[in-house]
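K.L.:
Let me begin by handing over the structure; questions about it come next.
The values are calculated or read from the model by the stated rules, or taken from the named source; none is laboratory data. Source: prediction; values computed, not measured. So basically every Cβ, Gly included, is an ideal-geometry build from the backbone, and we count neighbours across all protein chains shown. The area values use the complete protein model at the heavy-atom level, side chains included, leaving out ligands, DNA and RNA. Shrake-Rupley method; radii C 1.70, N 1.55, O 1.52, S 1.80 Å.
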Amino acid sequence: MEVFFYLFAVLATVGAVSVLLIRSPVYCALALVGTFFCLAAIYVLLSSEFVAAVQLLVYAGAIMVLFLFVIMLLNLKSDQPFALKFSIPKIIGLAVTVGILAQLIGVLNSPAAKVGPSGEYTIERVSAEGATEVVGRLLFTEYVLPFEIISILLLVAVIGAVVLAKRYVASGEEESG
Amino acid sequence: MNVPVEHVLTLSAILFTIGVAGVILRRNAIIVFMNIELMLNSVNLGFIGFAAAMDSMVGVMFVFFILVVAAAEAVIGLAIMVEIFRNKGTLNIDELNLLKW
């Protein structure tokens, strides 16, 4: 089983690097979809089937389709060759990036990040009750306040998107909208 | 499934760093935005790794809320980009210097 984790880890990394290097925004988006699929597979391996399904539906489905819509709507010329021509700012950016990676790996492998099974939701219990059922029950009991708040957040986002994307008509013209 | 949590966290760190590199190095605003989504996803992976290692559901709930916030953020961000493109005709972040002092 572990071999699948490393397989999908390598694939996800390859997809992410493609997002970094490919010039065309459309191919970038497709590489990102591949990365999201690999992450969903890893979620399944980590026995979070519900999150994997939501990841596929929301990220690989909805959000990336939205990205592709906008890319094609705007008809972007594929941007000037990314080419690895190294200017000073790029070298500084890469150095900062490598520093962040070293720091992150150092922190995540420090003794402080050592964790053991301490919670009550063991794999056996979750798979006996059903992962989705556990998530649903928690969502409507312990986490009901954040749940209501994010529903309002989504409403605000929808209204905000409509207001932003509405084509403004110069004041003085008859028709509105 | 006995992948040590350190390996999951290392993958999470690598993906996050690639996202940071993309935000710093790319010049197309939409691709920068995709890299931000990649960073959000790498954090989700860290949460799921910890949740699996600790037999806890807190990480899963966090990922759920992060997903919703990411969806809202993507919608607003793309709407802003459509509006910027209408007004400026470009999404190259070197040319978008309206907020630069």
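K.L.:
Quick one: accessible surface of B:MET57, probe radius 1.4 Å, all protein chains present, in square angstrom to the nearest 10.
P.N.:
20 Å²
K.L.:
For the Cα atoms of chain B, what angle does the longest principal axis make with the long axis of helix B:58-88, in degrees from 0 to 90, nearest 10?
P.N.:
So the inclination is approximately 10 degrees.
K.L.:
Once you charge only the Cβ atoms, +1 for Lys and Arg and -1 for Asp and Glu, what is the size of the charge dipole of region B:5-95 about its Cα centre, to the nearest 20 debye?
P.N.:
260 debye
K.L.:
Nearest 100 Å² is fine: how much accessible area is buried between B and A, summed over both sides, with a 1.4 Å probe?
P.N.:
6800 Å²
K.L.:
Over the whole of A:33-43, what's the average partner chain Cβ count within 10 Å per residue? Rounded to a whole number, please.
P.N.:
3
K.L.:
Okay, moving on. Let's test this: bin the Cα-Cα distances of the protein assembly as shown at 10 Å from zero up to the farthest pair and state each bin's percent.
P.N.:
So the P(r) values, bin by bin, are 6, 26, 32, 23, 10, 3, 0.
K.L.:
While we're here: Taking a 1.4 Å probe, which of A:VAL51, B:VAL58 shows the most accessible area, and what order do the others take after it?
P.N.:
B:VAL58, A:VAL51
K.L.:
Between B:PHE65, B:PHE47, B:PHE16, find the one with the highest GNM mean-square fluctuation for chain B; connect C-alpha pairs within less than 10 Å.
P.N.:
B:PHE65
K.L.:
Another question, then. What residue among B:GLY89, B:GLY77, B:GLY46 has the largest mean-square fluctuation in a Gaussian network model of chain B, using Cα springs under 10 Å?
P.N.:
B:GLY89
K.L.:
Could you give the dipole magnitude of region A:64-158 about its Cα centre, charging the beta-carbon of Lys and Arg +1 and that of Asp and Glu -1, in debye to the nearest 20?
P.N.:
640 debye
K.L.:
I need to check one value: relative contact order of region A:1-80, counting alpha carbon pairs closer than 8 Å and at least 6 residues apart, in percent. Write out the running numbers ahead of the final one.
P.N.:
Working: 67 pairs, mean separation 25.0, N = 80.
Relative contact order, region A:1-80: 31 percent.
K.L.:
If you rank B:THR10, A:THR141, B:THR17 by how much accessible surface each has, with a 1.4 Å probe, what is the order from largest down?
P.N.:
If we order B:THR10, A:THR141, B:THR17 from most to least accessible, we get A:THR141, B:THR10, B:THR17.
K.L.:
Skip the ligands, DNA and RNA, and give the accessible area per residue of chain B with a 1.4 Å probe, whole Å².
P.N.:
38 Å²
K.L.:
Which of A:ALA31, A:ALA112, A:ALA60 ends up with the largest GNM mean-square fluctuation for chain A, with Cα atoms connected below 10 Å?
P.N.:
With Cα springs under 10 Å in chain A, the top fluctuation among A:ALA31, A:ALA112, A:ALA60 is at A:ALA112.
K.L.:
Would you mind counting up the charge near A:ALA9? Only other residues with Cβ under 14 Å from its Cβ, with Lys and Arg at +1 and Asp and Glu at -1.
P.N.:
Summing Lys/Arg as +1 and Asp/Glu as -1 gives -2.
K.L.:
Now a separate question. I'm a student and want to see the number: the projected area of the Cα convex hull of region A:1-80, averaged over all directions, in nm².
P.N.:
Numbers: hull surface 20.4 nm².
For region A:1-80, the mean projected area of the Cα convex hull comes to 5.1 nm².
K.L.:
Counting only other chains, what is the mean number of Cβ atoms within 10 angstrom of the Cβ of each residue in peptide A:51-61?
P.N.:
So the per-residue partner count for this stretch is 3.
K.L.:
Which residue, chosen from B:ALA71, B:ILE18, B:GLY89, occupies the Cα position most advanced towards the positive end of the dipole of chain B, where the dipole is computed from +1 (Lys, Arg) and -1 (Asp, Glu) charges on Cβ about the Cα centre?
P.N.:
Towards the positive end, the residue furthest out is B:GLY89.
K.L.:
At a threshold of 8 angstrom on Cα-Cα distance, excluding pairs fewer than six apart, so keeping six or more, what relative contact order does chain A reach in percent? Write out the running numbers ahead of the final one.
P.N.:
On the way: 87 pairs, mean separation 27.9, N = 177.
Dividing the mean separation by the residue count of chain A yields 16 percent.
K.L.:
Ordering B:LYS100, A:LYS166 from largest to smallest accessible area (1.4 angstrom probe), what's the sequence?
P.N.:
These residues rank, largest area first, as B:LYS100, A:LYS166.
K.L.:
If you don't mind, another one. Counting only the heavy atoms of the protein chains, how much of A:VAL96 is accessible to a 1.4 Å probe, in Å² to the nearest 10?
P.N.:
Its heavy atoms expose roughly 70 Å² to the probe.
K.L.:
Taking 8 Å as the Cα distance limit and 6 or more residues as the minimum spacing, I'd like the relative contact order of chain B as a percentage. Could the numbers behind the result be given before it?
P.N.:
Values: 76 pairs, mean separation 28.0, N = 101.
It comes to 28 percent, rounded to a whole number.
K.L.:
Sticking with this structure for a sec: Using a probe of 1.4 angstrom, how much of the accessible area of the protein assembly as shown is carbon and sulfur, in percent?
P.N.:
Roughly 72 percent, rounded to a whole number.
K.L.:
With a 1.4 Å probe on protein heavy atoms only, tell me which residues of region B:53-69 lose at least 30 Å² of accessible surface in the complex relative to the chain by itself.
P.N.:
B:ALA53, B:MET54, B:ASP55, B:MET57, B:VAL60, B:MET61, B:PHE64, B:PHE65, B:LEU67, B:VAL68
K.L.:
Taking the Cβ of A:LEU32 as the centre, find all other residues whose Cβ is under 13 Å away and add up their charges (Lys, Arg: +1; Asp, Glu: -1).
P.N.:
Result for the local shell: 0.
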